Amino acid sequence: MKSIRDIFKIGRGPSSSHTIGPEKAALWFKAKYPDADAVRIDLFGSMSKTGRGHGTDRVLHEVFSPIPTEIVFREDMPVDIRHPNTLDMTAFRNGEVLETIRIVSVGGGDIEVNGVPDNNEHEELYLENSYAEIEQFCRFRSLDLAEYVEFCEGEGIWDFLGEIWQTMKQSIHEGLQAEGILPGGLKLERKAKTLYEQAAENERPQIRECRLICSYAYAVSEQNADCGTIVTAPTCGACGILPAVLYYMQISHKMSDDLIIRGLGVAGLIGNLIKTNATISGAECGCQAEVGSACSMAAAALTYMFGLNIKQTEYAAEIALEHHLGLTCDPICGLVQVPCIERNAVAAMRAMNAANLAYFLSDTQRISFDIVVKTMKETGISMNQRFRETAEGGLAKMYTRRHR
């Protein structure tokens, strides 16, 4: 597996696959053809169907400006295209085609360039590719999961994750202060600030916990929807889940930055396993691959920070992912707003529940984390494409603006 740095990326929302990935592709292509005087970009599959709502065309125009840039939202899907988030970029000079290159946005802000063996800048750092292998290695070496991350990544990983954690906190702080209507035409009002300000010291502890965690999840998700700076965890669409539970643990349980950063390392390890053995792309496997993965990452981080063992951490991660199996990606109007923002808050609470269940029932686990990851992939592949980030099925199909 590659570095967990591939899981956590600082960037602008609203979509890691439809915004951060295409921006990365455009910057690479622009550097490759600095003499091009015109560019054409053909968007296919999910990239075409929800690209407008996700701001794909906006970010591409920004990167290539002032070069004339034609963006074509293709309705056809050529048989040689293997991934639903595919772009064909063509460079022109004096009216002549310099070259056309196919680029795939594989999720989490990563891209693969056709004809380039590996466009990812990070090398393989982990020899183990399953939770079972990692658990065996850790037991043999007497390591916990955070120590295992450092063993593979080096001590520098904690400085990197420290920056990631500060960015996550900043996105929460900014989201809790912001008000107004989110862009895109749904006229969706920000709710994080209201949720947070309604929290009262004399509320029942369970209600206050729920209100605070949800307000933090809303804060980050609303920042993402407003094209603000967030951290993919593992994607933009699921970026509010992990920061919400970690920040709650720091504020309400006085957990230190150092402990939370080590929890982030464990979360990154879980996300890495899912990305390696399945996918974190909603266009490939639905929202189970985004929100389900993020919930699993958050549950694992929580169990580690609570001081639970490797088996209990696995159980929490398994519970969290298992109970998102089959979750569709059906963003209304192609925007990362409904049901995405609310779904982040629900999943943040579910991560807390998964961690608690792993503690209560640690001796009853029957299904391994690795099996659930494989199941998620099989479920996603079998899912009708209308429910995989095309905005053609589910809520996206049933909803019309007149229902407001």
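The values are calculated or read from the model by the stated rules, or taken from the named source; none is laboratory data. None of the values given here were measured: they were computed from a predicted structure. Please note: Cβ atoms are built from the backbone with ideal geometry, for glycine as well, and neighbour counts cover all protein chains shown. Heads up: the accessible areas ignore ligands, DNA and RNA and are worked out on the full protein's heavy atoms, side chains in. Shrake-Rupley method; radii C 1.70, N 1.55, O 1.52, S 1.80 Å.
Observations on the structure shown:
- Selection count where residues are out of contact with any Pro (no Cβ under 9 Å at 6 or more places or on another chain), in a helix (DSSP H, G or I) and not aliphatic (A, V, I, L, M), scope region 358-393: 13
- The single condition from (1) open to solvent by less than 20 Å² (accessible area, probe 1.4 Å); (2) modelled with pLDDT of 95 or more that residue 142 fails is (1).
- Considering (1) under 22 Å from residue 275 (Cβ atoms); (2) part of a strand (DSSP E or B), the lone condition that residue 81 does not fulfil carries the number (2).
- Subset tally (residues that are part of a loop (DSSP other than H, G, I, E, B) and free of Cβ contacts under 8 Å to residues at least 40 places away in the same chain) for region 1-54: 1
- Helices (runs of 4 or more DSSP H) fully within region 197-299 counting 1 or more residues that are closer than 26 Å to residue 52 by Cβ and open to solvent by 10 Å² or more (accessible area, probe 1.4 Å): 205-225, 282-285
- Qualifying positions in region 75-89 - of a type outside the set (A, V, I, L, M, F, W, C) and buried (at least 19 other Cβ atoms within 10 Å of the Cβ): 83, 84, 85, 86
- Flag for residue 113 being surrounded by 14 or more Cβ atoms within 10 Å (Cβ to Cβ) and either within 18 Å of residue 30 (Cα to Cα) or aromatic (Phe, Trp, Tyr) (or both): yes
- The conditions of being in contact (Cβ under 8 Å) with a residue 40 or more places away in the chain and touching a helix residue (DSSP H, G or I) at 6+ places or on another chain (Cβ under 6 Å) are met by residue 162.
- Matching option when the condition is at positive phi, at pLDDT 95 or above and touching a helix residue (DSSP H, G or I) at 6+ places or on another chain (Cβ under 8 Å), among 286, 307, 334, 271: 286
- Entry remark, region 125-139: residues being surrounded by fewer than 17 Cβ atoms within 10 Å (Cβ to Cβ) and either of a type in the set (D, E, K, R) or not in a loop (DSSP other than H, G, I, E, B) (or both) number 5 in total.
- The residues of region 359-391 that are among the acidic types (Asp, Glu) and over 21 Å from the mean Cα position of the chain (by Cα) amount to a single one, 363.
- Residue that is polar (S, T, N, Q), modelled with pLDDT of 95 or more and in contact with a His (Cβ under 9 Å, 6 or more places away or on another chain), where the choices are 19, 69, 90: 69
- Scan region 90-107 for residues that are surrounded by fewer than 19 Cβ atoms within 10 Å (Cβ to Cβ) and over 30 Å from the mean Cα position of the chain (by Cα) and the total you get is 8.
- Residue in region 357-404 that is least open to solvent (accessible area, probe 1.4 Å), counting only those that are polar (S, T, N, Q) and closer than 22 Å to residue 329 by Cα: 390
- Output for region 10-25, where each listed residue is surrounded by 23 or more Cβ atoms within 10 Å (Cβ to Cβ) and touching a helix residue (DSSP H, G or I) at 6+ places or on another chain (Cβ under 7 Å): 13, 14, 15, 17, 18, 19, 22
- Residue 191 open to solvent by less than 50 Å² (accessible area, probe 1.4 Å), closer than 28 Å to residue 19 by Cα, touching a residue at least 24 places away in the same chain (Cβ under 8 Å) and not hydrophobic (A, V, I, L, M, F, W, C): no
- Number of positions in region 129-167 that are farther than 18 Å from residue 304 by Cβ and among the hydroxyl-bearing types (Ser, Thr, Tyr): 2
- Meets criteria (of a type in the set (S, T, N, Q), closer than 30 Å to residue 261 by Cβ and crowded, with 24+ Cβ neighbours inside 10 Å) for residue 46: no
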